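No lab work stands behind these numbers, since they all come straight from the coordinates. Being a predicted model, the structure only gives us computed values, none of them experimental. With ideal geometry, Cβ positions are generated from the backbone for all residues, glycine too; neighbour counts draw on all protein chains shown.
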Amino acid sequence: MDVVVWIVEGTWRACAHAARTFAPPSSRIVLLHVTAPDVPGAAHGAFAGLLGRGHPERDPGHQVEELAEVAAQHLLAVAAAELDLPATAVNRHGRPEEEVIAAAEGAGLLIIARDGDRTRLGPKSLGHATRFVVDHAPCPVLLVWPEQAPGIASIPPPPR
Amino acid sequence: MSVVLLVAVLAFAVVRPRGWPEAVAAVPAALVVLATGAISVPHAVAEVERLAPVVAFLAAVLVLARLCADEGLFEAAGSLMARLCSGSPKRLLGSVFGVAAAITAVLSLDATVVLLTPVVFATASRLGARPKPHVYACTHLANSASLLLPVSNLTNLLAFTAAGISFTRFAGLMALPWLAAIAVEYAVFRLFFASDLAAGADAGLPVPPRKAPTFVLVVLGLTLVGFAVTSPLGVDPAWAAFGGALVLGVRALVRRTTTPRALFGSTSVPFLVFVLALGVVVRAVVDNGLSDAVGHLIPTGSTLLALLGLAAVAAVLANLINNLPAVLVLLPLAASGGTGAVLAVLIGVNIGPNLTYVGSLATLLWRRILHQHDTSADLGEFTRLGLLTVPVSLVLAVLGLWAGLTVIGG
C-alpha cells in the first residue's frame, strides 16, 4: 500500500518519524510537498501595483517562483534523509489542501501534522489547510503532534 | 475627451500590449490634450515644470537603490534578519518588519518590492520557516511603511511638492502615522498568521553570513543628513539624493562593478516620461471640470473628521484606479485645504492599495481576464488581511497626523 507523508515547513520532521514508526514494511512511502502559488502571486501582484514601472523582467515574482522550487526540493531531500527508508519525493503545485487530497486518493495511509495552536489539546490545534484535509481525506489519516502533545489538563473545563 | 484619454492611458499602462512601455500611450495622449486645447500651453508647461524636479528626484533614488543592491546591501539585510531571529519565525517577522520599514522609508517602496522581497523569501526558506507571513509583510509594508519620508514613495514626492513644506517637517508630521500603520500591520500579522508563525523553522540551510557594506551605509546615512539640512538652507533635497547616487555611482564605475549603461537603465527613463505625460493628462482632466464635479465630494477644512474623510476618499480612489493617478487627481483639489489635507490624501493613497494586492481593482480585473499567474494567489485571504489592516491603519494614521498637526502645526 501507499503511505503519503505530507511534508510542510516547520512540522515535517514529526511526519517523517511517524512514517518510520507506522508505515508497514512492505509499503511504498511518498513524501509529498505542495508549492502554493500564493506567495509568488503576492510578489507578482505587488510589482503589478507599481504602475508604470515597465520592465516585466524585474518582477520579483519570477525570482520567488525559482527560489520556491529550490526550497521545495531541499526540504524533500532533508525529509528523505530523516526518513532513511526508500521513498518517492513528489512536489505538487496548487492549493495545498486540494493537492494533498488529490495525492491521497487510493493511498492506504496519509500522515499529516497538527499546525494550529499547539499549546493545548483542542480543535484550534488544526490550521485551516489541515482541517480541510482531515475533513476530506479519502483514506485513513494519521494526525501527529509536531512535538510532545500537551497534557489532557490543557483541555478547558466544560462550561457549566 | 480628457477623461477618455486618461482612461485610455491608464488602461494601456495596466494592459501593456506587447510589453510596450506605458509612456507609448501617455506621451501621445499628453500631446493630444495640448493640441486640442484641453489644457493651455502655460498650464502644461507649469505642470511639467512642477513634475520635472519630482521625477529627477525619483530617478536619483532609483539609482541609489540599484547601487545599494549591487553592493550587496539586501543580502546583508537577509543575513542580519537570519541572525536576529535565531531560528524563530516570530522573531523573523519582527526583523522583516524592521528591515522592510527602514528600506521602504529610505530607498522607496520599489526597493522593497523588487529587491527585498526575494531576499526575504530566500532567508525564510533557508531557515526552514513558512515564507508566507514574511513575504506578505514585504508587500504590505511597501505600501503602509512608505509614509515617512518624501523619498519613500512617488506619491509622497508629489504631495511633498504640493504641500510646499520642508523635508524635516514632512518627516516630523508623518512619523506618527508611519509608526501607527506599522504597529497595526504587525499586530494583525501576528494574529492572522499565528499558526504559520507557530509552526517553527526546522532544518533549513544556513544563511550565508554577509557583512554589511559599510561604505554604502555611511553614504546612505550622509544622504539622509543631507535631506534634513538642505531644506532649511533653501536647497532642494533632491541634491542630497543626487550626491549619494553620484558618490556610489562613481565608486562603482571605478571599481567596474557597474556600467554606465546599467546605471542609466536603473533610472527607468520610460517610467519618468510616463509620470510627466500622465501629469499633463490628469491636469487637463482636472482643469476641464473634474475639480467642479468632484470638488464638492471632497471634505474641506483640517478638522479631524475632514482629514479622515479625505483619507477615506483617497483610499477608495486608489483602489479603483491605482494610487499614482489618484494622487495626481486629488492633490490639486486638496491643496487648498493646506498641509493637513494633502498629507491626509497621502495616507489614503499609500495605505489603501493593501486592499487589492495588485494596487487597484482595474489591474486586478484585467489580470483576472488574462488569467495571469498571480491571479492564482489566494485573493480571499489577501483581501481579508487587507480588510483587517487597512481601515484601522487609516484611522490611526490620520489620528497620528492630526496629533502632529496640533503639536507642531501645519
Out of the residues in region A:41-72 that are hydrophobic (A, V, I, L, M, F, W, C), within 24 Å of B:Arg18 (Cβ to Cβ) and outside any loop (DSSP other than H, G, I, E, B), state the one that is nearest to the chain's Cα centre (by Cα). A:Ala43
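What are the residues in region B:184-221 that are among the aliphatic types (A, V, I, L, M), away from chain A (no Cβ under 14 Å), surrounded by 14 or more Cβ atoms within 10 Å (Cβ to Cβ) and out of contact with any Gly (no Cβ under 6 Å at 6 or more places or on another chain), if any?
Kept after step one, since they are among the aliphatic types (A, V, I, L, M), are these residues of region B:184-221: B:184, B:187-188, B:191, B:194, B:197-199, B:201, B:203, B:205, B:207, B:212, B:216-220.
From the residues that got through so far, the ones that are away from chain A (no Cβ under 14 Å) too are B:184, B:187-188, B:212, B:216-220.
Next cut, surrounded by 14 or more Cβ atoms within 10 Å (Cβ to Cβ) only: B:184, B:188, B:212, B:216-217, B:219-220.
B:Val184, B:Val188, B:Ala212, B:Val216, B:Leu217, B:Leu220, listed by residue number.
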Here is a list of conditions, (1) in contact with a Phe, Trp or Tyr (Cβ under 8 Å, 6 or more places away or on another chain); (2) outside any helix (DSSP H, G or I), and B:Leu297 meets all of them except one; can you say which number that is? (1)
Hey, among the residues in region B:98-136 that are under 16 Å from the mean Cα position of the chain (by Cα) and within 7 Å of chain A (Cβ to nearest Cβ), which one's surrounded by the fewest Cβ atoms within 10 Å (Cβ to Cβ)? B:Asp110
Here are the criteria: (1) without any contact (Cβ under 8 Å) to a residue 24 or more places away in the chain; (2) not in a loop (DSSP other than H, G, I, E, B). Tell me which single one B:Trp366 does not satisfy. (1)
Considering region B:380-410 alone, what residues qualify as being surrounded by fewer than 16 Cβ atoms within 10 Å (Cβ to Cβ) and not in a helix (DSSP H, G or I)? B:Gly409
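Can you spot a residue in region B:55-67 that is within 30 Å of B:Gly289 (Cβ to Cβ) and either of a type in the set (Phe, Trp, Tyr) or crowded, with 20+ Cβ neighbours inside 10 Å (or both)?
First, the residues of region B:55-67 that are within 30 Å of B:Gly289 (Cβ to Cβ): B:55, B:58.
Now restrict to residues that are either of a type in the set (Phe, Trp, Tyr) or crowded, with 20+ Cβ neighbours inside 10 Å (or both): B:55, B:58.
Yes.
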What pairs come up if the first residue lies in region A:102-131 and is within 13 Å of chain B (Cβ to nearest Cβ), the second is surrounded by fewer than 16 Cβ atoms within 10 Å (Cβ to Cβ), and their beta carbons are under 6 Å apart, counting only those six or more places apart or on different chains? A:Arg114/A:Trp145; A:Gly116/A:Lys124; A:Asp117/A:Lys124; A:Arg120/A:Ser154
Restricting attention to region B:13-37, report how many residues are away from every other protein chain (no Cβ under 14 Å) and crowded, with 21+ Cβ neighbours inside 10 Å. 1
Flagged pairs (Cβ under 6 angstrom, 6 or more apart or on separate chains; first in region A:47-74, within 7 Å of chain B (Cβ to nearest Cβ); second among the charged types (D, E, K, R) and buried (at least 17 other Cβ atoms within 10 Å of the Cβ)) are A:Phe47/A:Asp59; A:Gly52/B:Glu22
Top-ranked residue of region A:1-28 - restricted to ones that are surrounded by fewer than 22 Cβ atoms within 10 Å (Cβ to Cβ) and hydrophobic (A, V, I, L, M, F, W, C), ranked as farthest from the other protein chains (Cβ to nearest Cβ): A:Met1
Tell me whether region B:137-148 contains one or more residues that are among the β-branched types (Val, Ile, Thr), facing chain A (nearest Cβ under 9 Å) and free of Cβ contacts under 8 Å to residues at least 40 places away in the same chain. no
Restricted to region B:199-240 and to residues being outside any loop (DSSP other than H, G, I, E, B) and among the hydroxyl-bearing types (Ser, Thr, Tyr), the residue nearest to B:Ala60 (Cα to Cα) is B:Thr223
